[in-house]
Amino acid sequence: MFTGLVEDVGTVDTIRNEGAGVRFRIRAPHMAGDLVLGESVAVNGVCLTVISASQESFEVDVVKETLSRTTLGQLKINDPVNLERSLRPSDRLGGHFVQGHVDGVGRIESFSREETGNFRLTLHLPEDLRPFAVEKGSIAVDGVSLTIAKILETGVELAVIPFTLEHTTFRTKRPGDSVNVEMDLLGKYVYQFLKNQHAAEDSKITEEWLRQAGF
């Protein structure tokens, strides 16, 4: 479990094919020295397991399924990546609950500076993710916890403050770039609960109709 508050921006140092997937070595001198084998780290919002670590870098394995469902398969040497260690029970929850299980890949349509000095990001969402978007609700974009400012027909608008821009990979993002998206965990549970309730009610109506019809 994570919060969507990026701790460090690392750099992809090496990429090596490992049969069933790819092994990344990520240079992160401010974080790597504190990592232990087997712990979880969110890399651009994707929960991965540390398989080796030194004072300067750490390594993670990414299976083909994850490569195909996230933007990690597009990473190149020297690309920056957002990093966050897993949440401890004693930590402050400054962002929102983020699992590190990417729901889909979105696309940046526009990214512009407003008169206030903040930035406005327009994000295109896959159609199956749009029902989970709620105005003033939370969304994780490349592992960054953001608030939805406006619901659009094909996606959302997000407000990004200068601090977030400066301390994440957003400073390198341009229109057309793909990003990992994880919708709010609570919203997904509520949606699924209501969907199941609706299906159960429809089932009861159908059973009652069949009984009254003499079947």
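At 0.36 nm per residue, minus the direct Cα-Cα distance, what do N118 and S54 gain on full extension? Give it in nm, one decimal, please.
Here the answer is 19.3 nm.
Enumerate the amide H contacts of G137 below 5 Å, restricted to partners 5 or more residues apart or on another chain; note that Pro and chain-start residues carry no placed amide H.
I148
Please report the net charge: other residues with Cβ closer than 11 Å to the Cβ of T154, K and R +1, D and E -1.
-1
Tell me the angle of helix 185-212 to the major Cα principal axis of the chain, expressed in degrees between 0 and 90 and rounded to the nearest ten.
Its long axis makes an angle of about 20 degrees.
Could you run the Karplus curve 6.51 cos²θ - 1.76 cosθ + 1.60 with θ = phi - 60° over segment 111-119 and give me ³J(HN,Hα) per residue in whole Hz, x for Gly and Pro?
So the J values, rounded to whole Hz, are 8, 9, 8, 9, 4, 6, x, 7, 10.
Please turn the phi angles of segment 66-74 into ³J(HN,Hα) values with the Karplus equation 6.51 cos²θ - 1.76 cosθ + 1.60 (θ = phi - 60°), one per residue in order, whole Hz, x for glycine and proline.
3J(HN,Hα) across segment 66-74, in whole Hz: 5, 4, 7, 9, 10, 8, 4, x, 9.
Using packing as a proxy for protection, rank 138-148, 4-14 so that the peptide with the highest average count of other Cβ atoms within 10 Å comes first.
138-148, 4-14
Skip the ligands, DNA and RNA, and give the accessible area per residue of the chain with a 1.4 Å probe, whole Å².
Heavy-atom accessible area per residue stands at 56 Å².
Let me check against my output: what whole-number percent is the relative contact order of the chain, with C-alpha pairs under 8 Å and at least 6 apart?
22 percent
Excluding V36 itself, calculate the net charge of residues whose Cβ lies under 15 Å from the Cβ of V36, where each Lys or Arg counts +1 and each Asp or Glu counts -1.
Taking every other residue near V36 into account, the sum is -1.
Residues in segment 94-124, backbone N under 14 Å from the label point at N196 (7 Å along the Cα-to-beta-carbon vector): list them, ranges by number please.
none
Long-range amide H contacts for E84: which residues qualify at under 5 Å (H placed 1.01 Å from N, peptide plane, sequence gap of 5 or more or a different chain)?
Close amide H contacts, sequence-distant or interchain: E7, A42.
Please turn the phi angles of segment 171-183 into ³J(HN,Hα) values with the Karplus equation 6.51 cos²θ - 1.76 cosθ + 1.60 (θ = phi - 60°), one per residue in order, whole Hz, x for glycine and proline.
So the Karplus estimates, Gly and Pro as x, are 5, 9, 7, 9, x, x, 5, 8, 9, 6, 10, 10, 6 Hz.
5 Å is the cut-off here: which amide hydrogens, built 1.01 Å from N in the peptide plane, fall below it relative to D177, excluding neighbours closer than 5 in sequence?
I108
V63 label point, 7 Å along Cα→Cβ, cut-off 12 Å on backbone N: hits in segment 159-191?
Correct set: none at all.
Which order do the peptides 65-78, 34-47 come out in when sorted by mean C-beta neighbours inside 10 angstrom, highest first?
Highest mean packing first, the order is 34-47, 65-78.
Can you count the Lys pairs in the chain with C-alpha separation below 17 Å, eight or more apart or on different chains?
Lysine pairs meeting both conditions in the chain amount to 5.
The values are calculated or read from the model by the stated rules, or taken from the named source; none is laboratory data. Since the model is a prediction, treat every value here as computed from it, not as a measurement. Heads up, the Cβs are rebuilt from the backbone with ideal geometry, glycines too, and the neighbour counts pull from every protein chain shown. These area figures cover heavy atoms from the full protein model, side chains too; ligands, DNA and RNA do not enter into them. Shrake-Rupley method; radii C 1.70, N 1.55, O 1.52, S 1.80 Å.
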